[in-house]
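Participant: This is the structure, below, for whatever I ask next.
The values are calculated or read from the model by the stated rules, or taken from the named source; none is laboratory data. Please read these numbers as outputs of a predicted model, since none were measured by experiment. So basically every Cβ, Gly included, is an ideal-geometry build from the backbone, and we count neighbours across all protein chains shown.
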């Protein structure tokens, strides 16, 4: 069964020198060279890092069809492994609605997404994904938020697969490992178009076949799930997103 059809049935709805990931699977990334100044512990895309007292809990979305099988084993900042693509730093701030929308330190944040070709690690060899990546764990990672509620990752700009707009999956837990929220992050269309039509050596499929507006995850919640993405192909990108849990 084609992945697009499977997703629909379940209601789930993935100049240029290739960037070779040479960093180890764990530890802090090297300083970012993107035009926005790289990782920071400061501002967010849609709210103060200290909370304003009013906020809205982020939408709950599906973790499937390719959730991380053993996220506790993937505690690392640099999640690229051997994947090539335009470097992207991800900064996610977690806010706690039940505590006046203040930042939540000590939360556990898992992220995962597809590679430049639209494939996921830990899966494959089936009709949903013909390429078999069951034995590898690229583009998956876990971090704990710091005192500013911030979890940071280094990855690549994701590709896409038929039937979905480009996205990142996020699962947030409290410090005891209790699930707080599963959600997804959407990308600005103009940035995606720039990457997919310029970095064609790395992203060979062209622009995505599904827009944010027609994506059956984001079509009714895009304002709450759209990230801020700054930077360039030459310098790399920085994605910022505030996610609110309760």
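Participant: Out of all the residues in segment 152-170, is one or more crowded, with 23+ Cβ neighbours inside 10 Å and within 13 Å of residue 107 (Cβ to Cβ)?
Facilitator: For segment 152-170, residues crowded, with 23+ Cβ neighbours inside 10 Å and within 13 Å of residue 107 (Cβ to Cβ): present.
Participant: What number of residues within segment 139-167 satisfy the criterion of being more than 16 Å from residue 238 (Cα to Cα) and not in a loop (DSSP other than H, G, I, E, B)?
Facilitator: 5
Participant: Does residue 229 satisfy the criteria of being in contact with a helix residue (DSSP H, G or I) (Cβ under 7 Å, 6 or more places away or on another chain), over 11 Å from residue 166 (Cβ atoms) and either at pLDDT 95 or above or surrounded by fewer than 22 Cβ atoms within 10 Å (Cβ to Cβ) (or both)?
Facilitator: Details: in contact with a helix residue (DSSP H, G or I) (Cβ under 7 Å, 6 or more places away or on another chain): yes; over 11 Å from residue 166 (Cβ atoms): no; either at pLDDT 95 or above or surrounded by fewer than 22 Cβ atoms within 10 Å (Cβ to Cβ) (or both): yes.
Spelling it out, it is not the case that residue 229 is in contact with a helix residue (DSSP H, G or I) (Cβ under 7 Å, 6 or more places away or on another chain), over 11 Å from residue 166 (Cβ atoms) and either at pLDDT 95 or above or surrounded by fewer than 22 Cβ atoms within 10 Å (Cβ to Cβ) (or both).
Participant: For segment 227-246, what are the residues that are in a loop (DSSP other than H, G, I, E, B) and either within 16 Å of residue 149 (Cβ to Cβ) or touching a strand residue (DSSP E or B) at 6+ places or on another chain (Cβ under 6 Å) (or both)? Talk me through it step by step, then tell me what you get.
Facilitator: Applying the first criterion (in a loop (DSSP other than H, G, I, E, B)) to segment 227-246 yields 227, 233-235, 246.
227, 246 - these are the residues of segment 227-246 that are in a loop (DSSP other than H, G, I, E, B) and either within 16 Å of residue 149 (Cβ to Cβ) or touching a strand residue (DSSP E or B) at 6+ places or on another chain (Cβ under 6 Å) (or both).
Participant: Restricted to segment 213-226, and to residues that are in a loop (DSSP other than H, G, I, E, B) and within 15 Å of the chain's Cα centre (by Cα), which residue is surrounded by the fewest Cβ atoms within 10 Å (Cβ to Cβ)?
Facilitator: So the first thing to find is which residues in segment 213-226 are in a loop (DSSP other than H, G, I, E, B), and the list is 213-221.
This time we only want the ones that are within 15 Å of the chain's Cα centre (by Cα), so: 217-218.
Working: 217: 23, 218: 26.
The residue in question is 217.
Participant: Still on this structure, please answer the following. Could you say whether any residue in segment 13-28 is under 28 Å from residue 219 (Cβ atoms), out of contact with any helix residue (DSSP H, G or I) (no Cβ under 7 Å at 6 or more places or on another chain), part of a loop (DSSP other than H, G, I, E, B) and at pLDDT 50 or above? So that I can check it myself, show each step before the final result.
Facilitator: Restricting attention to segment 13-28, the residues satisfying the condition of being under 28 Å from residue 219 (Cβ atoms) are 13-14.
Pick out the ones that are also out of contact with any helix residue (DSSP H, G or I) (no Cβ under 7 Å at 6 or more places or on another chain) and you get 14.
Filter again for part of a loop (DSSP other than H, G, I, E, B), leaving 14.
Pick out the ones that are also at pLDDT 50 or above and you get none.
Scanning segment 13-28 turns up no residue that is under 28 Å from residue 219 (Cβ atoms), out of contact with any helix residue (DSSP H, G or I) (no Cβ under 7 Å at 6 or more places or on another chain), part of a loop (DSSP other than H, G, I, E, B) and at pLDDT 50 or above.
Participant: Something else about it: Given the options 136, 182, 195, 191, name the one that is at pLDDT 95 or above and part of a strand (DSSP E or B). Don't jump to the end; show me each part of the working.
Facilitator: On the way: 136 fails: part of a strand (DSSP E or B); 195 fails: part of a strand (DSSP E or B); 191 fails: part of a strand (DSSP E or B).
Being at pLDDT 95 or above and part of a strand (DSSP E or B) holds for just one of 136, 182, 195, 191, which is 182.
Participant: Would you mind telling me which numbered condition in (1) within 17 Å of the chain's Cα centre (by Cα); (2) modelled with pLDDT under 95; (3) surrounded by fewer than 19 Cβ atoms within 10 Å (Cβ to Cβ); (4) over 21 Å from residue 131 (Cβ atoms) residue 38 fails?
Facilitator: (3)
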